[in-house]
Structures are given as structure tokens and as C-alpha cells.
1. Counting residues in the stretch B:1-96 as N, plug N into 2.2 N^0.38 Å and put the Cα Rg over that result.
2. Distance in nm between label sites at A:Asp46 and B:Ser359, each 7 Å beyond Cα in the beta-carbon direction?
3. Can you give me the distance in nm between label points at A:Asp291 and A:Arg279, each placed 7 Å from the Cα along the Cα-to-Cβ direction?
4. Ignoring ligands, DNA and RNA, how much accessible area is buried between chains B and A, both sides summed, with a 1.4 Å probe, to the nearest 100 Å²?
5. Give the calculated FRET efficiency between B:Gln127 and B:Thr104 to the nearest 0.05, with a Förster radius of 22 Å applied to their Cβ-Cβ distance.
6. Average partner chain C-beta neighbours within 10 Å, per residue of B:256-263?
7. Keeping all protein chains in position, work out how much accessible area B:Asp268 exposes to a 1.4 Å probe, and write it in Å² to the nearest 10.
8. Keeping every protein chain in place, order B:Ser108, A:Ser359 by accessible area at 1.4 Å, biggest value first, i.e. largest first.
Protein chains: 2
Amino acid sequence: MANKTFIISAPGKVILHGEHAVVHGKVALAVSLNLKTYLRIQPCSDQKVQLNLPNINVHLNWKPAALQFLQSAIDVADVLNPKTASQIQVDQLRRFAGIPEGSTDTASISILCFLYLYSAISASYGQMPSLDILVWSELPIGAGLGSSAAYCVCLAAALLSASGAITCPVPQEKDTTRWNEDELELINKWAFQGEKLIHGNPSGVDNAVGTWGGMLRYHAGKIVPLASVPTLRILLTNTKVSRSTKVLVAGVKDKLNKLPNIIKPVLDSIDAISCECERVLAAIASGIAIDEHYRILEVTFAHRSVTLYCICAESGQIMQYQNLATRCQCNAFNCKAGLTIDHSVNLAPVNLLQDTSPSVVEALKRTLKDLGYDCWETVIGGLGVALHSPSSLHKDIFQLLCDVKNCQ
Amino acid sequence: MANKTFIISAPGKVILHGEHAVVHGKVALAVSLNLKTYLRIQPCSDQKVQLNLPNINVHLNWKPAALQFLQSAIDVADVLNPKTASQIQVDQLRRFAGIPEGSTDTASISILCFLYLYSAISASYGQMPSLDILVWSELPIGAGLGSSAAYCVCLAAALLSASGAITCPVPQEKDTTRWNEDELELINKWAFQGEKLIHGNPSGVDNAVGTWGGMLRYHAGKIVPLASVPTLRILLTNTKVSRSTKVLVAGVKDKLNKLPNIIKPVLDSIDAISCECERVLAAIASGIAIDEHYRILEVTFAHRSVTLYCICAESGQIMQYQNLATRCQCNAFNCKAGLTIDHSVNLAPVNLLQDTSPSVVEALKRTLKDLGYDCWETVIGGLGVALHSPSSLHKDIFQLLCDVKNCQ
């Protein structure tokens, strides 16, 4: 890692298809989102380990010697298969950081996650130099867009690089580089440990998308990255409707138990939607992009909303959203409303934009913003975790990462 | 029939569940609607057969002798199993009535249907006295609510009674009577012949509901009236969105061919929705009306809209409607939006009202009317074809039937 500043990024994720159905053994497709989390790592001259998380107002630093004490509790059994933090370890970290028991706010959890990854990676692969780490994200927190996983992936990549566990492939001027497959595998495993500390029992999909990018198929606990996927323009909307994932998942289960003959076939249809979408995206990625493919994508997106409506309890918001898209003449094949909930408390509908004209997209965005929704015009299917040369970044993002002053 | 005035009514119908799916071998449920067609039949003193259809501005009369000529072309093979009008017979009726070839307007078709039923029933069962027949309907025409079938059922009941083929059970003062099972069977068969003349190849569901009322299960060409059904308050809305049934049916078939793995399970789910609704309505009718039953009814209605959305092409209107119902706080279990299309060109969403408060219903009605929709607060599940004493009718309806002056 030497004496230079490096910038690492990891993408958020969207569940394209299979939300909720995945819990009942059906296929889900998760795709990377071009809203990213950025981590700036640089040496710290005054022998400190510094953590800055400006989005959530965390600015902390520790003496490396104090952190070394934490490593003594880490049991390094197999450096290729990191172990999950035990409750004893988490309690120790909590006491060290002065975080009250039971605190589950984003700041507390983010600090604990950093401390665990720092001490466990140091214990497993070797001491790290004094570091100044800053993490800033474009992703809204708790919106089902994989913000915590992107944080964990960035941290894992930065700390594994700093400890020497993986290489630090220096990107060319104005360029971006990535790690090799084995290194990505290790980043993903450590990021998953961070996710476990944050969520308890995550599926592992979010950190896998953050690591590999592109699209992943998730089925019966198995995560398979797809060979190639096209990047697609989308309009992502956060309706900010608060939802408890736990309550939604329980609602689907209850409906399935009470009305199995009605709900089971809907889950089968959702499974088929995922498979069909996967087939069509693979065809588009391989260059065979015909109108019929986009028409089928449209159908899969339209079905996504209504089948989710079938299995979830309520949907005033989806209906309103769908209606809005229709009113704004965004009902062409490439602009259908969808919905992601996943590990989220908010609804985040997705519109595939593809060839939708800028004026139509602007009209829809204005309408959505007037309703108090956040929306982002972005792309899906891009790269996973990557290392950037500072000059390869958009200057606004670079500026943002530099605005927080170095090693305080 | 003697020398008295009689009033016959037949109800319209709504497809509760299974629309479109029924074409692909799934169960559909049709239910009678308390919007009715009324037929007033009375003797005509000046030896004429008179037909008044004030809704469509038809006021015609013929000399019975002229009509007897038409009967000569009728082949009476089996009086219990009426034959379908041949093209030759239809052409002869058309020439007789001076209706140009190819005229398919409601007035022309209604006149042809009357002339066929009059002459075929006369030929089969005996001459009828001079008659003055007036038919007036509460049902919108061409809205998928079985207006043509209600017309055919009323005509068949009136003409079969007038010819002596069935009895004419005189209702008590302020009362309503019906025919026995065999007589209803005969009314239904003749009404079906009228429907065939109008629609070419109807399913027979509409005339069966008009005859028996209540609810019918239609599956693979077999129509089974259900033993008992509750009457339920609904809000019926005609969004007046023009749709071609032929185009919709072809669209579903096309989708099923192109995406069988996605669409087939949706049809299975619709089938299960029909069966579940049938079970719950039977339970409510038998007196076991628990909250859970109404909750399931709600679910079947919610699923009805979205599964129809899945298999049909488009749905801006359904979504708008559903959204309206939500906005008007009609999203309680007993006020969910649905949709009937059936043999229709219009969308006719249905809301189950049950215990919805009058102020909520009024708010929804006002909103719907402001949008230019027609809506009716009515009930489903009532009686089929019936004979009324004039004093048993609502005085507005009686007045309406009397306003058209007698035998002109």
C-alpha cells in the first residue's frame, strides 16, 4: 500500500427479480448499481488509525497499540476462511469503542464492523501501518440498496491490501484496476463477516454483488455470478415508505400457508420471470439485442410489480408509482415500474430507461421529486469492487473525498 | 297470460373471477347483478304485435298474420331443444324487418332477436295473441354486464308464457314469483338461441345467470349453478375504456405462447382464486360468516386485478382505479378494486362494499364520477328471471315502464 493515497469503490445492489420468492426456494437475480461507496485510504503520519464516515458523522481515531490488544481475542484458524465474530468478541469491541449494549444505530454498527475487520485482518495477515480511512457513499442507508455490504466490501479490500493479504494493483493514471479471482474471493469472504456482524444472518448476496458486480443468480443458498450482463440505464426511486422486511416476509409466509393454491403458482411465476430475465439479459450482453428482448424485459418488469403485489400485503405505493410512470408516458417497453424491498425498510422502484428520451425521464423525475421521492438516473450491471487512481474519478467525487481533512 | 299486464325481469351478470383464464380451461365464477332488464307484456287491442325498446329508440309493430308467414321457415324438431337460427332464417328475418345486410347495431340485432324468438316460439308451441312488449334496461349496453342475455331471457320468458309453453304463475299483490325448474330450463335454452343470434358463439354463461341468478361455476364448457350464494353489496364502475375482447383474448394467447413458464402459473393461480372464492361464498351463504371469510374475499378480489394485469396487455386504468380506491380509504377488506371485461368493450371494476360506511362509498362515487366514470351501488347474487306484480316494483321503475304509452 506504500505511502500513497488509494481510492476503492464498491457498488450497491438492486434485486431485479425474485424478491421474497427467494425465501421460498425460488430464483432471484441481484444486479450491481452504479451508486457506489468510496473508500479513501492513505498513510497517517502521526501513528494513528483514523476512521472518517462523513455521511453519518463518525470521525474517530485510535492508537495502533490499543487496537493490537483487540487482536489477541481473534482465533485465526484458517486465513482463507475467516471466522464470524463471536458474541464475546463483539462485546469486547463494543466496550473498547464505548458503545452501549443494544445500540443498533448505523454509526455504532459501522464502528464495530470496522474494528472487527481491522483487528481480525491484522491478526490473520499481519500488522497494518498507521492508516487514515475515509468512507463516503452515494447510497441511501437502509433502502435495500446494499449500502452496508458496499461499506464492508470497501473495508475488506482496503484492509486486506494494507495488511499484505492481497496485492495492491496500482492503477495507471486515469485508470481503474481490480484484484484477481482469488483475491476477490477473499475480499468477499471478509465482507460477508462484516455483513454478519451488521445483519446477523444475511444471504451474502449484497456483498457478492459489491465484490463481483454484474449480476448474480441466487437460488437455494447458492450464489452464482453470471458470465456477462449488459449495463442498462435505470431510474431508481426511493419512495421512502417505511416497511419492515421482517413483517413483509412473515406476511408472505402467512398468505402462502392460508392460500397455498393461489400463492404457490405466483411464486412459480416469479421463478420463471427470474429465469426469463436472466436468459434475455445474457442474449443482450452477447450482442443479440433485438426489440423482442427488450419487450420481454418490459414484461418481466411489469410482472415483477404485480406478482410482488400478489404475495406481499399491500401496495398503494406500487400502484401509485406505476400510475405515475404511465401518466408521464413512461409506459414504453423500457420504462416500467418495479420494486425492490429486500433487506430494506423502503420501497425502491426501478424503471428501465434504455432508450427513453431525456425529456420523458426529466418529466418523471420532476413528478417523483414533487411527491417527495428521491430518484437517481443510473446504470445497473457495472463492475464490482475496484481500485481507482484519483484522476480516474469524477472530479466532484474526488473533491468530496479530499474535503475531509487528512489524518487529524 | 290472459288480459293482464305482467312484468318480467332478468338480472345482468358480472364475472367475479376467472375472466380470460376460462378460455384456457380454468374455472370462472359468474354472478347475477341487481341491475336488471324489465319486460312489460300486455294484450294489444288492435291486433298488432308491438315491440318497444325505449333505451335504443325502437318502436315497431307488425300484423300477427305477417309474422305467421315467418314461422313457415322454422323447423320444429324437438320442442324441448330449440334449434339455432340458420343463416337462411336470419336473412329472411332481416329482409322482413328491412334491416340492411351486415347491420350489427344494437337496434337491428335486438329486432332480429325478437322476430326470431317470436316466430320460433310460435311455430313450436302455438300462436300468440296480439301483444304489446316493452323492454327497458338498467344495464349499460356492451359493458360486459350481460345486457343482451337479460334481454333474451326476458323475451324467452314472456313469449314462452304467452304461447302457453310454460305457465304464467300470477304473483300475489306486491309479490314476485318464478317458474319451476323445467320451465326455467326451457327459458334458458331459448334465451341461449337469442344470444347465439346476437353473438355468434357465446359461452351460455350470461343467459344462465339471467335465468337462474345467484352464482354459476363455468369450467370447460360446463355451467353449474351453485346451491346457495350470499347477496353482497358492491360498487360497480364503468370506466368506459374501450377494449376489444377479441384483441384482449388474442393478447393473452400470445403471451401464453411466448412466455408459458411465466403465464401458465398465473392462470393456475386464477383457477385457485375462483375455487377459493366459491368455497368462501358458500360458507358465508350457509351462515358461517366470519371475518376471515371476508378477508379471503378481499384477497381474491385484490388478486383478481393483478392476475388479470399479468395476463392481459395493459392496465393504466386498473392501476388508476385501484389507486383511487386506496386514496378514498376504501382499502378495507371489503372494498377492493376488481375488473370485468368478459364479452365487453369496457372495463367494469367491482368493489365489494359489505360494511363500508356510506360516507366512504359516497366519497369514492364522487371521485369516480368526477373522472367521467359511471358507477352503481348495487348487490350481486340475487334472483334470476322473475314475474312481478306491478305493485311489487319500485315505483320509479313501474312509472318508467308505464310512461311509454300502451299499444300504439
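1. On the way: Rg = 18.7 Å, N = 96, 2.2 N^0.38 = 12.5 Å.
Here the Cα radius of gyration is 1.50 times the empirical estimate.
2. Result: 6.6 nm between the two label points.
3. 2.1
4. Working: alone 16960 and 16960 Å², together 31540 Å².
The summed interface area works out to 2400 Å².
5. Values: r = 31 Å, r/R0 = 1.41.
E(calc), rounded to 0.05, equals 0.10.
6. Numbers: counts 0, 0, 5, 8, 1, 7, 15, 4.
Average neighbour count from other chains, rounded to a whole number: 5.
7. 70
8. Working: B:Ser108 10, A:Ser359 85 Å².
Per-residue accessible area, sorted high to low, gives A:Ser359, B:Ser108.
The values are calculated or read from the model by the stated rules, or taken from the named source; none is laboratory data. Worth saying up front: this structure is predicted, and the values here are computed from it rather than measured. Counting neighbours? That spans all protein chains shown, and the Cβs are built from the backbone with ideal geometry, glycine included. Calculation scope for accessible area: heavy atoms of the full protein, side chains included, ligands and nucleic acids excluded. Shrake-Rupley method; radii C 1.70, N 1.55, O 1.52, S 1.80 Å.
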